[in-house]
Amino acid sequence: MNSIVTPWEVKGNIDYNKLITEFGLSKLDNKMIKRIEKHTGEIHYFLKRGIFFAHRDMNFILDEYEKGNKFFLYTGRAPSGHTHLGHLIPWIFTKWLQDKFGVELWFQFPDEEKFLFKQELEYDKVQEMVYENMLDVIALGFDPKKTHFLIDTKHADIMYPEAIKVAKKITFSTVRSAFGFENDQNIGAIFYTAMQAVPAFLPNILEKNKKPRPCLIPHAIDQDPHFRVSRDVIPKLGYYKPASIQCRFLPGLAGIESDGKMSSSSGNNATIFTTDDAKTVKKKINKYAFSGGRETVEEHRKKGGIPEIDVSYQWLTFFEEDDKKLKKIYEDYKSGALLSGELKAILIDKINEFLKKHQEKREKAKSQLNNFIYKK
Ligand code: TRP
């Protein structure tokens, strides 16, 4: 099956190496990882395991950083529903970058995006979800002094003047080919990419007292078309071309072959939300996590499982930080010593342990919200 990767649709068995060529990205190779390590002092396991796998212009970001010109980070989340575990992956890495490089983060909540792209979605529902999603971001532990939330409709007075400057330099034919739009696309959706470009240079306008800084955008690979377009435009407005660093998707519970990324729109069962309780997590994983185990226990013991297609194992590569533990799970599963049900139990514990802490921090986030929303 051919795969599809656009900001609105991700389907099929994704060949990430092929995407590097198709999108014109640079592979995040060992040399680059070592260069990052020089500054971070450690290699995040997302880098080691190829979860973050590609970039644009990281060398430029590090050249500037080494000259004393600190970049700022920019990422975002378009609210449509509750946050699921897949959404957290780029944010966890962004938080690590913020800590290690001591840099600012600008986090966009485009509360028009999903409203414009999803026929059924109502504006009021989006507003509710802006709030819910902000709690998840705060819960990950970003530094309130260095983190600024931008909400498109609430910060329209500072964002719109910049968005029109971007929009003026993008033709319909460019967005049509970058995003595959047809003639029946609504005009809000056609304009939207201009809004997503703005935070990649807006801090340089808002903080005029500081010297112009470059921007680094950590994001999941499906967002790349936006930044391919904005990288062409932003230098024409007199700002640095934004750099970026891309991650793979956390596969959907139902299977790597059937679904490239975990999506809340493909049904709630294939998705674990940050608000799910321990019982729900257990039920979903036991019932839906695609297994790479064999038909019978006997056959499994003899032939061993297939970790490469087993979603529980794949999820552990995203959530089990300890390399040694992960390796042992891999070997035991492959040899047949570890059964599919036992592997699921390991994942259930891991996720529930993570969510327990996350949900506590999410509660505390309610009183911190004000420190994060950008004040004009
Ligand atoms: N378009 C993203 C989404 O659908 C939201 C977003 C806005 C974003 N700005 C970003 C994602 C910058 C990554 C980087 O959720």
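Just so it is clear, none of the values below were taken in a lab; they were calculated from the coordinates. All values derive from a computational prediction rather than experimental measurement. Using ideal geometry, Cβ is built from the backbone for each residue, glycine included, and neighbour counts are taken over all protein chains shown.
Go through segment 1-104 and tell me which strands (runs of 3 or more DSSP E), entirely inside it, have 1 or more residues that are of a type in the set (Ser, Thr, Tyr) and within 16 Å of the ligand (Cβ to nearest atom).
4-6, 72-76
So which of Ser367, Ser335 is free of Cβ contacts under 8 Å to residues at least 12 places away in the same chain and of a type in the set (Ser, Thr, Tyr)?
Ser367
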Where Phe60 falls short, out of the listed (1) touching a helix residue (DSSP H, G or I) at 6+ places or on another chain (Cβ under 8 Å); (2) over 26 Å from Leu250 (Cα atoms); (3) aromatic (Phe, Trp, Tyr): (1)
Test of understanding: among Ile205, Ile221, Ile187, which residue is within 16 Å of the ligand (Cβ to nearest atom) and among the β-branched types (Val, Ile, Thr)? Ile221
